[in-house]
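S.K.: After the structure tokens below, expect a handful of questions from me.
The values are calculated or read from the model by the stated rules, or taken from the named source; none is laboratory data. Only a predicted model underlies this, so the values are computations on that prediction, with no experimental measurement involved. So basically every Cβ, Gly included, is an ideal-geometry build from the backbone, and we count neighbours across all protein chains shown.
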Amino acid sequence: MNFLLMFLLGIGVLALVSLVYSAWSRRRVERRLNSVLESSPIPTFVIGKDHRVIYWNRALEELTGVRAGEVIGTREHWRPFYKAERPCLADLVMDESADGVSHWYAGKFERAKGQEKIGTTTDFFPDMGEGGRWIRFTASVIRDSRGEIDGAIEVLEDVTEQKLAAQELVNLKKLESLATFAGGVARDFDTLISSILRDIFLAKLSMPEEDEVLEKALTAAEKASLLAKELSFKLVTYAKGGYPLRKTESLIPVLQEAVQSMPAGSNIECRAFISDDLWPAKIDRGQIKQVVESLMMNAVEAMPEGGVMELRAGNAVIRENNPADIKAGKYIKVSLKDTGGGIAKEHIGRIFDPYFTTKSESGKKGLGAGLGLSVCRSILRNHDGYISVESEQGSGSTFHVFIPASEEEETLA
């Protein structure tokens with residue numbers, strides 16, 4: 001009897017020790033997991049099988065701006081990414097919800113090769129950071145010692161730079177192909193227009209003096225042909241940069257002339273801040289003036305009700321590995337800021353495409369409208385320069401032009 005009692009008591013002690021050890025071991029594993037997640041540079045969160053947040057590491061705090069204390073214990077892990085409550089990828093993977101994946105991540109979801117419980121997707125989040133971010137996120141289930149699903153883990157990767165670089169490469173290839181085509185068409189077009197202008201001139205010489213109707217028709221045809229010839233010049237400029245004839249000179253008079261070209265009586269207040277010590281640059285004076293005037297006209301069109309246009313020019317030294325991916329060196333930086341309606345985030349990447357516009361047909365300014373910004377970029381590319389834009393819808397836009405400074409002496413006219 002005593003032996004049986006002792007045996008049962010021993011079994012009870014062993015079971016208790018096992019439970020205590022199991023709980024201690026689990027806490028140790030949890031502490032270890034927490035330590036690993038906290039020290040990881042990869043933004044990560046973990047949810048339990050009740051869909052409540054268990055872990056939210058420091059890297060994810062930095063990415064989203066949401067602190068762990070704000071979400072741990074809640075089901076609000078969606079909050080940094082979406083405007084309304086909805087499941088995240090970790091929720092859907094854990095619930096094995098194929099319908100949910102099809103609904104929320106249509107065309108974006110991929111299963112990891114050979115892994116049924118791991119999914120990956122990439123999406124754009126316009127409200128994260130400045131100008132939005134592309135995030136790739138991968139989710140996987142977590143299983144307990146019995147192989148049952150105990151939660152899910154989701155890791156995130158900011159792939160904005162890779163996405164933008166890939167898109168820029170696509171744009172460059174597209175623009176190079178279009179430029180070759182545009183250059184060929186423009187040359188043939190220019191030849192045909194020259195022939196038409198010659199015939200119009202001969203027709204005007206031989207027409208009766210009293211035929212006013214014919215004279216008006218020929219004058220109108222002549223004006224239209226001249227506009228078409230201007231368009232062919234723009235196409236050639238877009239394709240080849242207009243064959244710049246460059247010499248080393250100061251940009252100060254070029255910028256001053258562009259500012260003075262603003263029409264009198266305009267409802268736009270133009271403010272110019274041009275540094276007196278601008279470095280000289282090797283430029284085609286007419287083409288650079290065209291760039292500045294095109295940007296100014298773009299600003300005027302962005303402020304139909306009036307506003308303030310601000311031009312600033314100064315010297316800038318660009319270092320290696322800069323965010324704008326500009327070649328290191330000395331530049332003259334010209335910035336043109338307006339107080340217009342700004343540019344929508346989804347349009348920023350396309351504004352330098354030929355003929356891309358958000359204006360209605362009635363808002364176009366005439367033949368050749370829509371080539372302005374693409375021509376500007378083409379001209380600057382042929383000057384080894386750069387152009388970029390910062391904009392927020394409702395808060396105006398700022399275009400930045402970078403023109404390499406020259407080490408040569410300024411060429412006297």
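S.K.: Find the residue count for segment 70-101, including only residues that are exposed (fewer than 15 other Cβ atoms within 10 Å of the Cβ) and touching a strand residue (DSSP E or B) at 6+ places or on another chain (Cβ under 8 Å).
M.R.: Of the residues in that region, 3 qualify.
S.K.: Within segment 326-373, how many residues turn out to be small (Gly, Ala, Ser) and modelled with pLDDT under 85?
M.R.: 10
S.K.: Consider only pairs whose beta carbons are under 6 Å apart and that are at least six residues apart or on different chains; among these, list those whose first residue lies in segment 135-154 and is of a type in the set (Phe, Trp, Tyr) and whose second residue is in a strand (DSSP E or B).
M.R.: Qualifying pairs under 6 Å: Phe137/Glu154; Phe137/Leu156.
S.K.: Here is a follow-up. Which condition from (1) of a type in the set (Lys, Arg); (2) at pLDDT 75 or above; (3) exposed (fewer than 13 other Cβ atoms within 10 Å of the Cβ); (4) over 30 Å from Leu214 (Cβ atoms) is the one that Arg198 breaks?
M.R.: Here Arg198 meets the rest and fails (4).
S.K.: Give segment 217-259 a look and list any residue that's polar (S, T, N, Q), at pLDDT 80 or above and more than 28 Å from Glu408 (Cα to Cα), or say none.
M.R.: Scanning segment 217-259 gives a single hit, Thr219.
S.K.: I would also like to ask the following. Is it the case that segment 314-325 has a residue that's part of a helix (DSSP H, G or I), under 19 Å from Glu257 (Cβ atoms) and at pLDDT 85 or above?
M.R.: No, segment 314-325 contains no residue that is part of a helix (DSSP H, G or I), under 19 Å from Glu257 (Cβ atoms) and at pLDDT 85 or above.
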